[in-house]
Amino acid sequence: MRTGRQGSVAGKTQVVVLTADAAFEQQVRATFGTSPQIALNVVTGSIDLVGETLSLTDATVAVIDLDAAMPREMRALEELMARIGAWPPVIVVTQNFDANVARTLLQMRVADFMVKPVSPVELVSTCARVAKAATANAEATESEIYTFLPAVGGAGVTTLAVQTAVTLLNSGPRGKASTCLVDLNFQHGACADYLDIEPRLNLGEIEPRPERLDRQLLEVMLSHHPSGLAVIAAPNRPAEMRSFDPDVVTRLLDLVSTNFDYVVFDMPRTWFSWTDSVLLGSNRLFIISQMTVPGLRHAKELVNAVKERLGDGPKPQVIINRFEQNVFSSGLRKGDIEQVLGEAFAGCIPNDYGLVREAIDRGVPLDEIKPGNKITSQLKKMILPQPAAKSPVESGLKKFKLSWAR
Ligand SMILES: Nc1ncnc2c1ncn2[C@@H]1O[C@H](COP(=O)(O)OP(=O)(O)OP(=O)(O)O)[C@@H](O)[C@H]1O
Ligand SMILES: [Mg+2]
């Protein structure tokens, strides 16, 4: 079950309403203000001015009143939806409405929308229905965790983790699925660079008082890519030699895993005290290597080490990146990889340095440079949820709550 998402203050249903319309505000106060079951919080102003600072941490449901004809208000809504992730459910109230607006709102994963004038009965029943459905959904679904581990340095873990996160983000049944990419290379990560965003995670600030780490603080430490992808990454500290308290790391990961549909971890090569917990909590575990004899050997060793440590946990699958099949060379072939790795072999990703380099240099996903490219399409085949894949629940493990494995 996802924790901390019920949004209640002293047992009350917390309704947050953002509006710049005095008449609507008055109506909302009259509708909700008298109910002892509801804690009403009205924020006045238009979303493009106050959306950025709007806190929905404790909300059960949020009602956003905006002018859908104003692009800057729709943009602010999109930013808000990306920032809050999967919780709380948002109901949009608009004056103008057409099929395009409806489609855009659906893509933003808005829970429902209403057109003014809105009757009080309709507003109450919509809030109740949306809150109930979202709570049931939050309890029933948990995030899918995808973890990428390097077998050798520079194998392409960050490239494939970024691409996976973008693919999962766009794989929602109605548009975007809330997705967070977490760069666990605290000392020299590259996720933020590859996406051209500012890293905002400051573990040093959390460490003295880990209990302070809640959804609100997490929000401060999240970076947002314009695609809607949330990213947790720390600024590089090339000369720093320190490791972080595993409790802080697992608390952070617990929190992330309860707030997004998908979480993607870019793992470092070094095995830390929290590494086992991350691997145990994962649904899919990919080891990335390259097509060289040492690359295959290291991948095989890592598969064995992970199996030994995780027992019945998620099965590691090896992806060979930068694959090139040259029939005339005496080098390794696909058959050799299959022979060495056996059932742990997931597949190959083609080598296309020009494309990857351009994407990295421009700080954008590969599809933005070349839609339908071979790297992305091969990766999709391996990562998109397969019905037969065993989840930790099915394999008898308690589902992601990193703390259980501490
Ligand atoms: N499929 C690919 N085709 C061509 N080049 C690639 C491919 N994947 C990654 N690369 C290149 O390989 C290099 C290393 O990639 P990346 O940073 O993703 O690897 P990494 O495993 O995260 O490295 P590190 O060990 O530094 O964390 C980059 O220069 C990238 O452009
Ligand atoms: Mg990397």
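Could you say which residue among VAL364, VAL340 is modelled with pLDDT under 95, among the β-branched types (Val, Ile, Thr) and under 22 Å from ALA192 (Cα atoms)?
From the options VAL364, VAL340, the qualifying one is VAL364.
Checking the conditions here, which among ALA131, ALA151, ALA177, ALA82 is within 16 Å of ligand 1 (Cβ to nearest atom), among the small types (Gly, Ala, Ser) and in contact with a strand residue (DSSP E or B) (Cβ under 8 Å, 6 or more places away or on another chain)?
ALA151
Determine the pairs where a residue that is within 24 Å of THR179 (Cα to Cα), located within region 146-157, has a partner that is among the basic types (Lys, Arg) and away from ligand 2 (no atom under 11 Å from the Cβ) with Cβ atoms under 9 Å apart, the partner being 6 or more residues away or on another chain.
TYR146/ARG284; THR147/ARG284; ALA155/ARG322; GLY156/ARG322
Can you name the residue in region 294-323 that is more than 16 Å from ARG269 (Cβ to Cβ) and of a type in the set (Gly, Ala, Ser) and, of all such residues, is surrounded by the most Cβ atoms within 10 Å (Cβ to Cβ)?
Going through the qualifying residues, I end up with GLY313.
How many residues does region 355-377 hold that are charged (D, E, K, R) and exposed (fewer than 15 other Cβ atoms within 10 Å of the Cβ)?
The number of residues fulfilling the criteria is 5.
For GLY156, work out the one condition from (1) under 18 Å from the mean Cα position of the chain (by Cα); (2) crowded, with 20+ Cβ neighbours inside 10 Å it doesn't fulfil.
With (1) under 18 Å from the mean Cα position of the chain (by Cα); (2) crowded, with 20+ Cβ neighbours inside 10 Å applied to GLY156, the lone miss is (1).
Give the residue that is surrounded by the most Cβ atoms within 10 Å (Cβ to Cβ), with candidates limited to residues of region 159-182 that are small (Gly, Ala, Ser) and farther than 18 Å from ASN373 by Cα.
SER178
Exactly one condition in (1) within 24 Å of ASP367 (Cβ to Cβ); (2) at pLDDT 90 or above; (3) outside any loop (DSSP other than H, G, I, E, B) is false for PHE113; which is it?
(1)
Pairs only if they're at least six apart or on different chains, beta carbon under 6 angstrom, first in region 272-292 and touching a residue at least 24 places away in the same chain (Cβ under 8 Å) and within 14 Å of SER243 (Cβ to Cβ), second within 12 Å of ligand 1 (Cβ to nearest atom) and hydroxyl-bearing (Ser, Thr, Tyr); list them, first residue then second.
none
Only one residue in ARG237, ARG215 is over 17 Å from the mean Cα position of the chain (by Cα) and surrounded by fewer than 20 Cβ atoms within 10 Å (Cβ to Cβ). Which one?
ARG237
Would you mention how many residues in region 324-341 are in contact with a helix residue (DSSP H, G or I) (Cβ under 9 Å, 6 or more places away or on another chain), of a type outside the set (Asp, Glu) and surrounded by fewer than 18 Cβ atoms within 10 Å (Cβ to Cβ)?
Qualifying residue count, region 324-341: 2.
Mind checking whether some residue in region 217-233 is of a type in the set (A, V, I, L, M, F, W, C), over 19 Å from THR57 (Cα atoms) and within 16 Å of ligand 2 (Cβ to nearest atom)?
yes
The values are calculated or read from the model by the stated rules, or taken from the named source; none is laboratory data. Just so we're clear, the structure is a prediction, and the values are computed from it rather than from any experiment. For neighbour counting, all protein chains shown are included, and Cβ atoms are generated from backbone atoms with ideal geometry for every residue, glycine included.
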